[in-house]
Amino acid sequence: MSICCARKASNGGITTDFKCQQNANKIFVSLVKYLLITKLELGDLSGMRKIIAITQVSLDGVMQAPGGPEEDPRNGFAHGGWAMSYGDEVFGKIIGEIVASDFDMLLGRRTYEIFSSYWPYKNDNPIGKSFNMAKKYVVTRTLNQLDWNNSQRIGDDVVSELRKLKASEGPPFHIWGSSDLLQTLIAAELVDEYRMWIVPVVLGKGKRLFENGVPARGLTLVESRCTTTGVFMNTYHPAGPVPLEAPEPDEPSKAEVARRKKLASE
């Protein structure tokens with residue numbers, strides 16, 4: 001496959017910018033290599049169970065304690081409950097669609113403890129009823145007994161066990177919260193879909209969905225809905241490596257060369 005970049009020639013015609021074409025072809029080759037390596041490592045992904053991360057995030061990417069002040073005040077986080085005043089009919093409809101679908105749950109230990117101390121007592125709530133019925137896979141090294149019904153423990157080799165589960169028969173996995181577990185899944189590129197509910201607040205600190213050190217990857221927006229309170233409920237799919245090469249001018253200016261030298265010495 002050839003990717004060409006056209007530009008207007010000095011005589012008014014159209015010519016090919018071969019440097020642009022060269023950079024575009026490099027990006028294409030990198031993407032093909034990524035897809036081939038992924039297929040070799042993980043096998044054919046068609047028909048595999050998806051892991052779907054459903055996360056409320058602030059504009060600066062914080063996901064810690066959206067539901068209440070006592071949910072997770074670790075590290076001095078004082079803004080618990082920051083998402084709760086932004087619910088509306090659109091928000092409720094989307095949650096209703098999610099919990100009405102067929103799914104298993106995938107939870108980190110702390111999120112499991114939060115959920116299991118609340119939702120078993122809310123079986124008259126559609127969310128509680130759905131969560132209580134769902135099979136729950138809990139990633140924990142410390143909990144040997146899981147009292148919430150339909151709960152199953154995943155031990156130390158999380159990535160290996162989840163690869164096997166993804167290849168098994170069953171519905172998709174919904175992962176709610178579980179910020180520490182998400183870092184492991186993101187690093188292993190096991191998340192198939194991100195449903196980010198972006199709340200119009202800036203928190204300044206707290207646990208983030210994408211912490212420092214996660215792989216640089218592109219995302220493709222596949223769906224977006226907005227609530228009356230300004231929450232963007234976006235769905236993204238992983239889109240491979242971030243194209244880091246950009247076409248450069250044929251000859252950088254002296255000022256640009258000086259800027260680069262200055263930056264390299266700082």
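Hey, can you tell me all the residues within the range 148-168 that are closer than 23 Å to residue 133 by Cα and in contact (Cβ under 8 Å) with a residue 24 or more places away in the chain? Steps first, please.
Start the filter on the range 148-168 by keeping residues that are closer than 23 Å to residue 133 by Cα, which leaves 148-155, 161-162, 164-168.
Result: 148, 149, 151, 162, 165, 166, 167, 168.
Residue under question is residue 225, and the condition is that it be in a strand (DSSP E or B) and either loosely packed, with under 12 Cβ neighbours inside 10 Å or at pLDDT 95 or above (or both); does it hold?
yes
Which count do you get for residues in the range 171-190 that are of a type in the set (A, V, I, L, M), in a loop (DSSP other than H, G, I, E, B) and crowded, with 20+ Cβ neighbours inside 10 Å? Before the answer, list the steps.
Within the range 171-190, the subset of a type in the set (A, V, I, L, M) is 175, 181-182, 185-188, 190.
Retained after the next criterion (residues that are in a loop (DSSP other than H, G, I, E, B)): 188, 190.
In the following step, the residues that additionally are crowded, with 20+ Cβ neighbours inside 10 Å were identified as 190.
So the answer is 1.
Can you tell which of 259, 217 is among the basic types (Lys, Arg) and surrounded by 14 or more Cβ atoms within 10 Å (Cβ to Cβ)? Lay out the reasoning, then the answer.
Values: 259 fails: surrounded by 14 or more Cβ atoms within 10 Å (Cβ to Cβ).
Going through 259, 217 in turn, the sole match is 217.
What about residue 212, is it in a loop (DSSP other than H, G, I, E, B) and farther than 21 Å from residue 63 by Cα?
In short, no.
Listed here are the residues, each with its yes/no results for (1) farther than 26 Å from residue 147 by Cβ; (2) surrounded by 21 or more Cβ atoms within 10 Å (Cβ to Cβ); (3) under 23 Å from the mean Cα position of the chain (by Cα); (4) polar (S, T, N, Q).
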{"position": "78", "(1), (2), (3), (4)": "yes, no, no, no"}
{"position": "82", "(1), (2), (3), (4)": "yes, yes, yes, no"}
{"position": "94", "(1), (2), (3), (4)": "yes, no, yes, no"}
{"position": "122", "(1), (2), (3), (4)": "no, no, no, no"}
{"position": "126", "(1), (2), (3), (4)": "no, no, no, no"}
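The values are calculated or read from the model by the stated rules, or taken from the named source; none is laboratory data. Computed from a predicted structure; not experimentally measured. Heads up, the Cβs are rebuilt from the backbone with ideal geometry, glycines too, and the neighbour counts pull from every protein chain shown.
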